[in-house]
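Asker: Sharing a structure, written as structure tokens. Questions coming.
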Amino acid sequence: MATTITKTETLVGKRIRRREDPRLITGTATYVDDIQMPGMHHACIVRSPHGAANIKSINTKPALDLPGVVAVFTGKDTEKIAPVPCGASLPGLRVPHHHVLAMDRVYFLGHPVAVVVATDRYIARDAADLVEVDYEPLQAVTDPEKAIAPGAPPVHPEWPDNTAFNYHQEGGDVDKAFAEADVIVKQRITSQRLIPAPMEGRGVVAEWLAGDRALTLHSSTQIPHLLRSLIAMMLGLEENRLRVVTPEVGGAFGCKLNVYAEEALMGFVAMKIGKPVKWIESRRENFTCTIHGRGHVDYYEVAAKRDGTITGIKLKLIQDLGAYHQLLTPAIPTLSVLMMPGLYACRNIRADIVGAFTNAVPTDAYRGAGRPEATHGIERMVDILAAELKMDPVDIRLKNFVGNDAFPYTTATGLTYDSGNYAAPFEKALGIVKYKELREEQKQARAAGRLFGIGLSTYGEICAMGPSPATAAGGWESATVKIEPSGKVTVMTGASPHGQGEETTFAQIAADELGVGIDDILVLHGDTAVVQYGIGTFGSRGTAIGGTAMYFAIQDLKKKIKKYGAMLLASEDVSFANGVCTDNQSGKSVSLKEIAAASYRAMSLPPGETPGLVATNFWEPPNFTFPFGAHIVITEVDRDTGAIELKRYVAVDDCGKIINPLIVDGQVHGGVVQGLGQALWEQAVYDDNGQLVTGEFMDYALPKASNIPWIESSHTETPSPVNPLGVKGVGEAGTIGCSPAVVNSVVDALSPLGVRHIDMPLTPEKIWNLVQAGGQA
Amino acid sequence: MIAQNFEYAAPGNLQEALDLLAGGDAKALAGGMSLIPLMKLRLTAPDQLVDLARIAELNYIREEAGTLRIGATTTHYQVESSPLVRSKCPLLAEAASSIGDIQVRNQGTMGGSVAHADPAADYPASLLALEGRVKLVTAKSERELSLADFFVDTFTTALEPGEIIREVIVPVEAQSTGTSYQKVIQPASGFAIVGVAARVQKANGKIGMARIGVTGLSGKPYRATNVEQALEGTAAAAADIQKAAALVAAGVDANADLHASANYRRQLGRVYTARALAAALSRMA
Amino acid sequence: MKLEGSYLVPAGQERVYRLLQDPEVLAKCMPGTDRLDKVAEDEYEMKMKMMIAGMGGMFAGKIRIADQKAPESFRLVVDGTGKIGFIKGEGLLNLIAQGEKTEVKYEGDVQVGGTIAGVGQRLLDTTSKMIIKKFFEKFSEICAAD
């Protein structure tokens, strides 16, 4: 028997370049729009140009008369399709019936009204202009506070108060905390609507094989399996007759963690016309019809003792829901409430959420989903409290952190923080910026009349979503690990990564566990006909749950490998390491490749064993994970123009055990950039009539590389006890930590003028007005 | 986003292009940085496009009798990187380098930008400060206009139907002139919220010549002659600059949009006029 | 979008008031408009060809004159739809005698919808100002004539 040592170097913890990148940067990846099929037709959707209107009539004839048009469907034709699903459940939640095409009324700009199907994309687009829709415009309401005020125009006539739900959560004794407080600070804080704007918009190709009664849906989604179950339900199709394939996804950030009308609609069209059909979202549609993020108006009150101890937090949260509930719309603000104490050991909290319908596209999960809002709120309030008490914002944070000896720590909102050492990344970040010297520098700058700011944010997040009882559709994840007869390893993960680099990180973990080279491993995902089942990638869960499922599948395989090894070595005492099974007595060994071949050839089997080397694991996590970190931002404000200079950005994140520092830094960078986008530039603005006036990239300011400072990213590593990998998740950390650090920095810069709070985005004009008014604007 | 059907012609020489445009219905396509998005959004739907990209005789930068002549389809990147423009008319090279991003600069053209007359475009500030001219041609005629006369109103120029810009003409800058273009970038589009171009010369310690061109502030670009006059004859001390720059928006109907109110635009106009002047003075030989 | 401003036109208040409600005069002054068709008392239909920055096309719309307080003020209600979007607006015109001339003060609110509202934000202010300017330039010509 040959004894080949396959591998001894471990890969976990190494900066390994992403295996996904070559195909992405050479243009050889396949996205939905790259799919071509014989006989494929194209769909274009006719959409409402109004924020609210009655549909008096629709005339499809001029469109149908255009040569090349094969069908036009309206709400009447699609009425039997079950509504677009809302997966969130809250007590008393009002759920509007969300038809895939509007019936007699449109509720938001871009609301789908009809779908035109033609032999090519250009004819379909031309024909969409020929569909004549007679609208009777109605008064719209787009501001959530105005929507819930008396006398507002009703979004849904059946619910004139525009209130989808009221949600209350309370822990400890809030009234006592406030009654006994030495100081109470209050502030209204908004978190504006944002457009997720992935590079690739949504897209669907549907193919119906009538003979097989089989529908295949190619969709740019984060959740292929959930999509399959829900689309099958909407179309009245047996689940096993529907296959969802997720090709390359060009960015999602939560906006593809959803089930959209167009996905069901394309299935419907394919079944109706008996031909494949493709729909590719335009950028205009992406802005107006794909979910938006955030949309909070928060009223905070914080009670504290004179020494800075935070004793109580009250929050009234008004969530702009938009016109409908998409998959998780009403659940997002509840995540903000869960995380409202942040990293602080405050035992008394009270939160009230009002979910407000507005004539706008629904909000839903967008990178961070509820936690950036919560972090922004508490981190702003802590700074406001520090200013009120004339305390250093460092001291007040250190004073209130949950202590290292308190873990697992149960919060006043009912969560159990798994592990933490909150001072560690904070002190590291303070060390990097030389905080004491920096305050000295600030003093001198101020003396010279300069507006120089230092902003801190110490954030916590809830990740690895999540234990099944706490989620809408199951919070486990699955993996199948298959060692092929040749010894190559195929991993099929239900976490459907779309940019997180899990084809690399999962391969690193599997390579170490099996002792094979990374190039011997293929990670497959995103096809319900290939992958056993899965939940998806969102809520920073991919590695913590999906990776763990893979880890346990490999552990099962290792047991089987050892049995085969023992059989082949005719030994009772074998060990498996570095890709070889060794007889501990004789030192003889057999390679994984040889074991794999023997297991499939199955000339003989170990006692009680089956042929083959395939294992599947469905792993249910016992808890969420709770990463944390500290960001510090140094800014200077130009008095004459209000322009903000980002002088320095320091991020120290603790996401538990790091599998690949290169990918972790990449995630932090991307997250921070999106956080900067919210803090400084981005805002989705609807006017009072429901027109989205930031309707494209000429007016909606995404961050550009040239606007971004060098991000000094480093880490501390506090392993999570929740999973054997010790990982927590990092996909959203940058976004969550960023915005309060930026705003705290600019408020600090302007604090000599008496400025206490500024709502995002911090546009130069807003800042200049404050400077002009001596802080009083 | 898909445009309506249109005919497309890509003639190889100028006369052929002008003949195609003569009817007045066809639209000239240069770099397409404004026209193509408008077509894809279906805000415009020309029946015919005449693409000027293949006409070699429209793409040049040459020096002639104390002027630089820049062919209409010369890209922003060509202007920005041309040794001739950089040495003989640095203000224009600086303005070109501030346009959009590198992709836009590789594609967009000087003629296209000037003909579109976007009130927030970068070139016009410099072209007005340079007292530049345009040569316009039709199938049958040719004329020259000052840019001050060419820019009529917002998105409106003196171009007649069937007429295109042949070339833009700017003076060769005297060695002693200091110039600068300073802009406030609209963070989404990259256009100028306000852009100010300044040219200054000193004689005997006093400002002998000052030219200020302003874009973005108003519906059309303009020369701030009041600032120029206030500055000329002064020693250009900091106080002189402030005093002169303070006049830049006087009597101007300032634009207001999502990105800047009229009041804020006026403030940016004042600040950036002072900054452009200070930078121009510092670059004076 | 709020619009406000004023123009000094070379005619007396009574005459300006009358001319501003004369459909033939309005048709001449509105850029790209040939004529107004009366559909009811003080209500007209019109077609307007608009071209700005190479974009635009035909708009079909209605104009209604209301709240007449001759010769001092009246209200103009406008409603127009075209392929690139739609507008709906209402404005109050105040006529103030200034000797031989009349100052026309206007203030109104215009709602813009459709594609142009979503993608043309930065064009709206400058182009609407230009249209108003063109209107009053032509109107002043007419006032000055005969």
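Asker: Please work out which residue is surrounded by the most Cβ atoms within 10 Å (Cβ to Cβ), limiting yourself to the stretch C:5-26 and to residues that are touching a Phe, Trp or Tyr at 6+ places or on another chain (Cβ under 9 Å) and over 18 Å from C:Gln98 (Cβ atoms).
Answerer: Filtering the stretch C:5-26 for residues that are touching a Phe, Trp or Tyr at 6+ places or on another chain (Cβ under 9 Å) and over 18 Å from C:Gln98 (Cβ atoms), the one surrounded by the most Cβ atoms within 10 Å (Cβ to Cβ) comes out as C:Leu26.
Asker: Run B:Gly205 past the list (1) at positive phi; (2) at pLDDT 95 or above and report the number of the one that doesn't hold.
Answerer: In the conditions (1) at positive phi; (2) at pLDDT 95 or above, B:Gly205 misses (2) alone.
Asker: Moving on to the next point. Grab the helices (runs of 4 or more DSSP H) fully contained in the stretch B:110-185, keeping just those with 2 or more residues being farther than 27 Å from C:Lys134 by Cβ and more than 14 Å from chain C (Cβ to nearest Cβ).
Answerer: B:123-129
Asker: Now a separate question. Filtering the stretch A:510-531 down to residues that are over 17 Å from A:Asp556 (Cα atoms) and part of a loop (DSSP other than H, G, I, E, B), which residue is farthest from the chain's Cα centre (by Cα)?
Answerer: Looking at residues that are over 17 Å from A:Asp556 (Cα atoms) and part of a loop (DSSP other than H, G, I, E, B), I get A:Gly517.
Asker: Surrounded by fewer than 19 Cβ atoms within 10 Å (Cβ to Cβ) and in contact (Cβ under 8 Å) with a residue 60 or more places away in the chain: which single residue out of A:Ile45, A:Ile35, A:Ile25 fits that description?
Answerer: It is A:Ile35.
Asker: Within the stretch B:10-63, which residues are assigned to a loop (DSSP other than H, G, I, E, B), within 14 Å of chain C (Cβ to nearest Cβ) and of a type in the set (Lys, Arg)?
Answerer: Hit for the stretch B:10-63 is B:Arg42, nothing else.
Asker: Restricted to the stretch C:77-106, and to residues that are touching a helix residue (DSSP H, G or I) at 6+ places or on another chain (Cβ under 6 Å) and surrounded by 15 or more Cβ atoms within 10 Å (Cβ to Cβ), which residue is nearest to the other protein chains (Cβ to nearest Cβ)?
Answerer: Top of the filtered list is C:Ile84.
Asker: Evaluate the following for A:Ile736: is it within 24 Å of A:Gly295 (Cα to Cα), within 26 Å of the chain's Cα centre (by Cα) and in a helix (DSSP H, G or I)?
Answerer: Yes: the conditions hold for A:Ile736.
Asker: I need the full set of residues from the stretch B:241-266 which are surrounded by fewer than 23 Cβ atoms within 10 Å (Cβ to Cβ), in contact with a Ser or Thr (Cβ under 8 Å, 6 or more places away or on another chain) and either farther than 24 Å from B:Glu94 by Cβ or within 14 Å of chain A (Cβ to nearest Cβ) (or both), in order please.
Answerer: B:Asp253, B:Ala254, B:Leu258, listed by residue number.
Asker: Please determine, by comparing only the residues of the stretch A:675-697 that are among the aliphatic types (A, V, I, L, M) and within 12 Å of chain C (Cβ to nearest Cβ), which one is surrounded by the most Cβ atoms within 10 Å (Cβ to Cβ).
Answerer: Applying the filter and picking the extreme gives A:Leu692.
Asker: Of the conditions (1) touching a Lys or Arg at 6+ places or on another chain (Cβ under 8 Å); (2) surrounded by 23 or more Cβ atoms within 10 Å (Cβ to Cβ); (3) of a type in the set (D, E, K, R), A:Asp653 fails just one. Which one is it?
Answerer: Every listed condition holds for A:Asp653 apart from (1).
Asker: Out of the stretch A:108-122, which residues are touching a residue at least 60 places away in the same chain (Cβ under 8 Å), within 11 Å of another protein chain (Cβ to nearest Cβ) and not acidic (Asp, Glu)?
Answerer: If the condition is that a residue be touching a residue at least 60 places away in the same chain (Cβ under 8 Å), within 11 Å of another protein chain (Cβ to nearest Cβ) and not acidic (Asp, Glu), then A:Leu109, A:Gly110, A:Arg121 are the ones that fit.
Asker: A further question on this structure: Being more than 14 Å from chain C (Cβ to nearest Cβ), farther than 25 Å from A:Thr290 by Cα and touching a strand residue (DSSP E or B) at 6+ places or on another chain (Cβ under 6 Å) is true for just one of A:Pro721, A:Pro709. Which residue is that?
Answerer: Only one candidate passes the filter, namely A:Pro709.
Asker: Moving on. Tell me the residue from A:Glu136, A:Glu170 that is within 14 Å of another protein chain (Cβ to nearest Cβ), touching a residue at least 12 places away in the same chain (Cβ under 8 Å), assigned to a strand (DSSP E or B) and of a type in the set (D, E, K, R), please.
Answerer: So the residue among A:Glu136, A:Glu170 that is within 14 Å of another protein chain (Cβ to nearest Cβ), touching a residue at least 12 places away in the same chain (Cβ under 8 Å), assigned to a strand (DSSP E or B) and of a type in the set (D, E, K, R) is A:Glu136.
Asker: I would also like to ask the following. Based on what the data block shows, is C:Phe74 more than 14 Å from chain A (Cβ to nearest Cβ) and either at pLDDT below 90 or part of a strand (DSSP E or B) (or both)?
Answerer: Yes: the conditions hold for C:Phe74.
Asker: Also: Can you tell me which residue among A:Tyr700, A:Tyr649 is in contact (Cβ under 8 Å) with a residue 60 or more places away in the chain and either assigned to a loop (DSSP other than H, G, I, E, B) or within 14 Å of another protein chain (Cβ to nearest Cβ) (or both)?
Answerer: Going through A:Tyr700, A:Tyr649 in turn, the sole match is A:Tyr700.
Asker: Taking the residues in the stretch A:204-238 that are among the hydrophobic types (A, V, I, L, M, F, W, C) and surrounded by fewer than 18 Cβ atoms within 10 Å (Cβ to Cβ) as candidates, determine which candidate is farthest from A:Lys256 (Cα to Cα).
Answerer: Of everything passing the filter in the stretch A:204-238, A:Ala210 is farthest from A:Lys256 (Cα to Cα).
Asker: Going through the stretch C:46-71 one residue at a time, which ones are over 25 Å from C:Ser6 (Cβ atoms) and within 14 Å of chain B (Cβ to nearest Cβ)?
Answerer: Passing the criteria: C:Lys49, C:Met51, C:Ala53, C:Gly54, C:Met55, C:Gly56, C:Gly57, C:Met58, C:Phe59.
Asker: Out of C:Asp109, C:Asp125, I need the residue that is outside any helix (DSSP H, G or I), within 14 Å of chain A (Cβ to nearest Cβ) and acidic (Asp, Glu). Which one?
Answerer: From the options C:Asp109, C:Asp125, the qualifying one is C:Asp109.
Asker: Out of A:Ala615, A:Ala596, which single residue is within 20 Å of A:Gln555 (Cβ to Cβ), in contact (Cβ under 8 Å) with a residue 60 or more places away in the chain, in a strand (DSSP E or B) and under 43 Å from the mean Cα position of the chain (by Cα)?
Answerer: Testing whether each residue is within 20 Å of A:Gln555 (Cβ to Cβ), in contact (Cβ under 8 Å) with a residue 60 or more places away in the chain, in a strand (DSSP E or B) and under 43 Å from the mean Cα position of the chain (by Cα) leaves just A:Ala615.
Asker: Next question, about the same structure. Exactly one condition in (1) within 14 Å of another protein chain (Cβ to nearest Cβ); (2) touching a Lys or Arg at 6+ places or on another chain (Cβ under 7 Å); (3) crowded, with 19+ Cβ neighbours inside 10 Å is false for B:Gly213; which is it?
Answerer: Going through (1) within 14 Å of another protein chain (Cβ to nearest Cβ); (2) touching a Lys or Arg at 6+ places or on another chain (Cβ under 7 Å); (3) crowded, with 19+ Cβ neighbours inside 10 Å one by one, B:Gly213 breaks only (1).
Asker: Still on this structure: Could you please give the count of residues in the stretch B:201-227 that are assigned to a strand (DSSP E or B), over 20 Å from B:Met33 (Cβ atoms) and out of contact with any Leu (no Cβ under 6 Å at 6 or more places or on another chain)?
Answerer: Qualifying residue count for the region: 11.
Asker: Which pairs turn up if I take residues in the stretch C:86-105 that are in contact (Cβ under 8 Å) with a residue 40 or more places away in the chain and at positive phi and look for partners that are surrounded by 17 or more Cβ atoms within 10 Å (Cβ to Cβ) and assigned to a strand (DSSP E or B) with beta carbon separation below 7 Å, at least 6 apart in sequence or on another chain?
Answerer: Final answer for the pair search is none.
Asker: Moving on to the next point. Among the candidates A:Thr190, A:Thr142, A:Thr163, which residue alone is under 34 Å from the mean Cα position of the chain (by Cα), among the β-branched types (Val, Ile, Thr) and within 14 Å of another protein chain (Cβ to nearest Cβ)?
Answerer: Just a single option satisfies the conditions, and that option is A:Thr142.
Asker: Hey, does the stretch A:655-674 have a residue that's within 14 Å of another protein chain (Cβ to nearest Cβ) and within 22 Å of the chain's Cα centre (by Cα)?
Answerer: Scanning the stretch A:655-674, I find at least one residue that is within 14 Å of another protein chain (Cβ to nearest Cβ) and within 22 Å of the chain's Cα centre (by Cα), so the answer is yes.
Asker: Of the residues that make up the stretch A:720-729, is at least one surrounded by 24 or more Cβ atoms within 10 Å (Cβ to Cβ) and on the phi > 0 side of the Ramachandran plot?
Answerer: yes
Asker: Could you figure out which of (1) more than 23 Å from B:Asp153 (Cβ to Cβ); (2) surrounded by fewer than 22 Cβ atoms within 10 Å (Cβ to Cβ); (3) in contact (Cβ under 8 Å) with a residue 40 or more places away in the chain isn't true of B:Lys206?
Answerer: (3)
The values are calculated or read from the model by the stated rules, or taken from the named source; none is laboratory data. What you are looking at is a predicted structure, and each value in this text was computed from that prediction instead of being measured. Counting neighbours? That spans all protein chains shown, and the Cβs are built from the backbone with ideal geometry, glycine included.
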